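The values are calculated or read from the model by the stated rules, or taken from the named source; none is laboratory data. Since the model is a prediction, treat every value here as computed from it, not as a measurement. Virtual Cβ from ideal backbone geometry, glycine too; neighbours counted across all protein chains shown.
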Amino acid sequence: MEGTKPELLVPAGSVEEAVSFISAGADAVLVGEDKYGMRLPGECSLEDISQIVKYAHDHEAKVYVSVNTLVSNDLLEDLPAYLEGLEKAGVDAIEFGDPAVLRAAGSAAPGLKLHWNAEMTSTNYATANYWGTKGASRVVVARELNMDEIVGMIPHLEVEAEVQVHGMTNIYHSKRRLVASYMTHQGRPVEGTNLGKDRGLFLIEAERQDEKYPIYEDMNGTHIMSSDDICILEDLHVLMEAGVHSFKIESLLKPASYTIEVIKAYRQAIEAFAKDPEGYAFEESWLDGIRHLQDSERELSFGFFYKEQVY
Amino acid sequence: METTMQHKPKYKGKRYRLDKPELLAPAGNLEKLKFAIHYGADAVYIGGQKYGLRSNADNFSFEEMREGVEFAKKYGAKVFVATNIYAHNEDLAGIEEYLRNLYEVGISAIIVADPVIVDTARRVVPNLEVHLSTQQSTVNWQAVKYWKEEGLPRVVLGRETSLEEIAEIKKHVDVEIEAFIHGAMCSSYSGRCVLSNHFTDRDSNRGGCCQSCRWKYDLFEDAREEPVWISEEEAREDRVLQQFKLGVTQLPQFAAEDNAFTMGSKDLCMISNIPDLIDVGVDSFKIEGRMKSIHYVATVVNAYRQAIDSYMADPEHFTVKPEWIQEINKAANRPLNTGFFYDTPDHEDHIYEPEEKAAPYDFAGLVMDYDAETGIATIQQRNHFKPGQEVEFFGPRGTFFKQTVGTLWDENGNEIDAARHPLQLVKFKTEQPVKYFDMMRKKK
């Protein structure tokens with residue numbers, strides 16, 4: 001049954017990336033700009049987005065736009081026009097975290113579909129349903145949940161569930177410029193220095209010498225990312241059986257060539273499962289392409305899928 | 001000659017319900033609650049056995065809450081409960097009953113981050129006030145308006161909000177604004193940090209935070225595919241680049257003698273900026289620290305109480321008293337700053353040097369009784385002290401004096417050489433009258 005296939009969603013940093021990710025097998029791309037969205041692999045203007053929408057819709061793919069920044073007063077003025085522009089461009093949904101976006105969308109772009117993405121704080125089904133009553137049609141569940149919690153959510157959800165299945169995750173976000181502050185403290189020049197995501201900065205904690213935590217600054221502050229890349233391909237069927245609607249592959253800080261391999265691998269699993277759910281079996285070889293291009297210093301892990309956390 | 005100093009408020013905002021801002025203090029347990037209120041807090045916030053973000057604090061049972069509420073009533077003070085976790089599926093089942101119990105024991109408000117708890121509270125205990133927690137990182141007026149329309153009379157703003165932004169929020173929304181004015185701060189947006197989850201499998205948003213932001217890190221840059229050539233000029237300007245060696249795969253972004261990288265922030269302290277906070281219309285001044293000591297809570301509350309009262313009584317002639325700052329410094333665990341209120345924190349607002357954690361003073365004794373005729377005080381021992389040591393007595397509203405401990409007696413009048421036993425009652429002559437609940441501290 002074609003209709004029940006879960007969606008494969010990938011953030012894209014440009015028109016070219018969007019096109020190549022869709023060609024590789026993505027059902028949807030997530031795009032946007034740093035002013036409104038957070039931790040995007042690159043920036044797409046409204047014109048770019050229009051172009052992507054045209055291409056995507058011609059190829060039966062969807063376009064979502066990230067508007068999930070923590071909104072400041074300054075941004076409120078531009079927000080309605082931006083959302084109106086997105087609705088006109090024909091995007092299929094926006095991601096939001098801040099209620100200010102909900103309010104602005106309600107008045108300026110009531111036709112926009114809304115996906116609730118509060119990053120690490122989307123941790124239970126009841127809160128997702130709460131945002132559902134406010135107009136959200138999907139929840140992007142927190143990456144810190146384990147498999148039991150995710151699977152346990154689905155029957156109770158009145159909105160769709162999106163789960164990140166691959167790539168790094170954000171583990172710390174500050175409005176402070178932490179790298180610039182550190183370098184200034186060291187007496188090093190900061191003005192004009194690139195501290196962005198292409199600089200390749202990372203942190204190492206004294207007792208965890210093998211783990212590299214990427215860190216970068218942009219207009220939204222300082223972002224620290226996980227040292228491992230989630231890869232749940234092996235157990236993707238558990239999520240497919242549970243009825244997860246959308247699988248997200250994170251492309252942030254990865255070359256497009258790597259992301260394309262990842263898309264292909266997950267595509268293979270999704271198709272195989274759709275064709276024959278009963279006879280489905282994961283094949284180790286699906287991982288070959290990913291493993292070949294995987295940064296040897298970043299572990300492919302199950303993230304929090306099989307971890308018990310305490311508090 | 002008359003010198004009138006015209007007071008020109010820089011910020012103008014209206015408080016929502018209160019003439020005077022509320023001073024809101026943390027209370028990690030029943031005893032701390034009593035000290036916080038006795039030393040001048042208008043309200044305290046506490047944690048219950050569930051749904052709070054301080055799983056290591058000795059949180060209140062319902063019985064203790066009831067006692068706390070009774071105590072607070074005598075002072076006209078209020079008790080709030082932090083129910084500010086982000087709930088997981090397994091946490092959902094007991095919420096209704098828990099909230100009913102809170103309402104039943106007389107709690108005035110709950111502080112909530114997760115909308116499911118907001119929604120449940122509004123439905124199940126509509127007369128229990130709900131305040132939006134700082135964990136929601138609310139930093140704009142439209143979001144504030146959203147929560148007001150959801151039935152919340154108060155929003156605790158994200159700590160990233162500046163005074164100007166608060167003024168803007170106040171201009172647009174008639175709602176109580178609570179702001180942290182003192183204490184330790186997350187350097188991340190609150191709730192937007194899972195360092196603990198990643199480093200130690202402890203869930204930060206359910207109270208398991210292990211403060212990984214205060215650990216030390218080394219900053220590196222990934223080796224580039226192309227060789228990097230450092231020009232003479234670059235090498236002159238950048239003391240770290242000078243050390244660059246070709247062929248390494250990770251370029252250290254620190255010189256051997258440099259401090260390590262950290263996200264650890266200095267602590268917030270607005271004692272010198274009370275007029276701005278009052279003028280901008282902040283309704284509730286919140287002190288952080290449910291895990292802090294009695295001495296800390298009493299000292300900090302005492303100083304802010306005086307500053308607020310002094311400004312409210314006579315804004316035109318208000319000056320920041322040096323003793324308020326001195327007092328705060330006696331309890332401070334870290335260097336202090338003004339957070340985001342005036343500007344985004346920069347290199348001077350983080351703690352790169354090794355931290356000197358301990359506050360310089362210890363709580364040595366609590367005054368239980370005072371005999372005005374003999375001038376002898378009965379003191380409950382809270383830390384070792386002995387004759388010959390210099391101690392300070394202080395009480396609510398800034399009463400303060402220093403003296404040397406003279407002859408020391410036990411409860412039965414036997415002379416002793418030191419107060420060694422925890423909670424032991426001892427007596428000695430004080431140089432000025434003291435009152436029940438006055439505190440005695442000594443230098444470490």
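Could you please let me know if residue B:140 is surrounded by 23 or more Cβ atoms within 10 Å (Cβ to Cβ) and not assigned by TED's automatic domain parsing to the domain that holds residue B:52? Before you say what the answer is, go through the steps one by one.
Details: surrounded by 23 or more Cβ atoms within 10 Å (Cβ to Cβ): yes; not assigned by TED's automatic domain parsing to the domain that holds residue B:52: no.
Here the answer is no, as residue B:140 does not meet what is asked.
I need a count of the residues in segment A:98-111 that are within 9 Å of chain B (Cβ to nearest Cβ) and in contact with a Leu (Cβ under 8 Å, 6 or more places away or on another chain). Show your work before the answer.
Step one: filter segment A:98-111 for residues within 9 Å of chain B (Cβ to nearest Cβ), giving A:98-104.
Filter once more, so that each one left must be in contact with a Leu (Cβ under 8 Å, 6 or more places away or on another chain): A:98, A:100-102, A:104.
Total meeting the criteria: 5.
Evaluate the following for residue B:68: is it assigned to a loop (DSSP other than H, G, I, E, B), in the same structural domain as residue B:49 (by TED's automatic domain parsing), without any contact (Cβ under 8 Å) to a residue 60 or more places away in the chain and not polar (S, T, N, Q)? Break it down into steps so the answer makes sense when it comes.
Values: assigned to a loop (DSSP other than H, G, I, E, B): no; in the same structural domain as residue B:49 (by TED's automatic domain parsing): yes; without any contact (Cβ under 8 Å) to a residue 60 or more places away in the chain: yes; not polar (S, T, N, Q): yes.
When the stated conditions are applied, residue B:68 does not pass them.
Within the set of pairs 6+ apart or on separate chains, which have a first residue in segment B:89-115 that is more than 10 Å from chain A (Cβ to nearest Cβ), a second that is outside any helix (DSSP H, G or I) and of a type in the set (Phe, Trp, Tyr), and C-beta atoms under 8 Å apart?
If the second residue must be outside any helix (DSSP H, G or I) and of a type in the set (Phe, Trp, Tyr), the pairs left are B:98/B:51; B:107/B:80; B:108/B:80; B:109/B:80; B:110/B:80; B:111/B:45; B:111/B:80.
Please verify whether segment B:353-361 includes one or more residues that are more than 27 Å from residue B:39 (Cβ to Cβ) and buried (at least 19 other Cβ atoms within 10 Å of the Cβ).
Step one: list which residues in segment B:353-361 are more than 27 Å from residue B:39 (Cβ to Cβ), which gives B:353-354.
Next, from what is left, pick out any that are buried (at least 19 other Cβ atoms within 10 Å of the Cβ): none.
No, because not a single residue in segment B:353-361 is more than 27 Å from residue B:39 (Cβ to Cβ) and buried (at least 19 other Cβ atoms within 10 Å of the Cβ).
Look through segment A:203-259, keep the residues that are farther than 28 Å from residue A:137 by Cα, in a loop (DSSP other than H, G, I, E, B) and charged (D, E, K, R), and return whichever of them is nearest to the chain's Cα centre (by Cα).
The qualifying residue nearest to the chain's Cα centre (by Cα) is A:254.
Tell me, yes or no, whether segment B:369-379 has at least one residue that is within 14 Å of chain A (Cβ to nearest Cβ), in contact with a Phe, Trp or Tyr (Cβ under 8 Å, 6 or more places away or on another chain) and not aliphatic (A, V, I, L, M). Reasoning before the result, please.
Keep residues of segment B:369-379 that are within 14 Å of chain A (Cβ to nearest Cβ), which gives none.
No, because not a single residue in segment B:369-379 is within 14 Å of chain A (Cβ to nearest Cβ), in contact with a Phe, Trp or Tyr (Cβ under 8 Å, 6 or more places away or on another chain) and not aliphatic (A, V, I, L, M).
Quickly run through segment B:303-328 and pick out the residues that are farther than 12 Å from residue B:20 by Cα and free of Cβ contacts under 8 Å to residues at least 12 places away in the same chain.
B:314, B:319, B:322, B:326
Any residue in segment B:189-197 that is free of Cβ contacts under 8 Å to residues at least 40 places away in the same chain, at the interface with chain A (Cβ under 7 Å from one of its Cβ atoms) and of a type in the set (S, T, N, Q)?
Scanning segment B:189-197, I find at least one residue that is free of Cβ contacts under 8 Å to residues at least 40 places away in the same chain, at the interface with chain A (Cβ under 7 Å from one of its Cβ atoms) and of a type in the set (S, T, N, Q), so the answer is yes.
Within segment A:54-76, how many residues turn out to be away from chain B (no Cβ under 14 Å) and surrounded by fewer than 23 Cβ atoms within 10 Å (Cβ to Cβ)?
Taking segment A:54-76 first, the residues away from chain B (no Cβ under 14 Å) are A:54-66.
Filter again for surrounded by fewer than 23 Cβ atoms within 10 Å (Cβ to Cβ), leaving A:54-55, A:57-60, A:62.
Number of matching residues: 7.
Here are B:128, B:99, B:152: which of them is crowded, with 23+ Cβ neighbours inside 10 Å, touching a helix residue (DSSP H, G or I) at 6+ places or on another chain (Cβ under 8 Å), hydrophobic (A, V, I, L, M, F, W, C) and more than 30 Å from residue A:305 (Cα to Cα)?
Working: B:128 fails: crowded, with 23+ Cβ neighbours inside 10 Å; B:152 fails: crowded, with 23+ Cβ neighbours inside 10 Å.
Just a single option satisfies the conditions, and that option is B:99.
Conditions tested, residue by residue: (1) more than 17 Å from residue B:93 (Cα to Cα); (2) modelled with pLDDT under 95; (3) facing chain B (nearest Cβ under 7 Å).
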residue: A:113; (1), (2), (3): yes, no, no
residue: A:118; (1), (2), (3): yes, yes, no
residue: A:121; (1), (2), (3): yes, yes, yes
residue: A:125; (1), (2), (3): no, no, yes
residue: A:129; (1), (2), (3): no, no, no
residue: A:136; (1), (2), (3): yes, no, no
residue: A:139; (1), (2), (3): yes, no, no
residue: A:152; (1), (2), (3): no, no, yes
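Every residue in segment B:307-332 that is part of a helix (DSSP H, G or I) and closer than 27 Å to residue B:383 by Cα, please. I'd like the intermediate steps shown before the answer.
So in segment B:307-332, the residues part of a helix (DSSP H, G or I) come out as B:307-313, B:315-317, B:322-331.
Listed by number, the residues that qualify are B:323, B:324, B:325, B:326, B:327, B:328, B:329, B:330, B:331.
Answer yes or no as to whether residue A:60 is assigned by TED's automatic domain parsing to the domain that holds residue A:140, touching a strand residue (DSSP E or B) at 6+ places or on another chain (Cβ under 9 Å) and not small (Gly, Ala, Ser).
Details: assigned by TED's automatic domain parsing to the domain that holds residue A:140: yes; touching a strand residue (DSSP E or B) at 6+ places or on another chain (Cβ under 9 Å): no; not small (Gly, Ala, Ser): yes.
No: the conditions fail for residue A:60.
Would a scan of segment B:106-119 turn up a residue that is crowded, with 24+ Cβ neighbours inside 10 Å and among the charged types (D, E, K, R)?
Yes.
Do we find that residue B:40 is within 18 Å of the chain's Cα centre (by Cα), in a loop (DSSP other than H, G, I, E, B), crowded, with 17+ Cβ neighbours inside 10 Å and within 13 Å of chain A (Cβ to nearest Cβ) in this structure?
On the way: within 18 Å of the chain's Cα centre (by Cα): yes; in a loop (DSSP other than H, G, I, E, B): yes; crowded, with 17+ Cβ neighbours inside 10 Å: yes; within 13 Å of chain A (Cβ to nearest Cβ): no.
When the stated conditions are applied, residue B:40 does not pass them.
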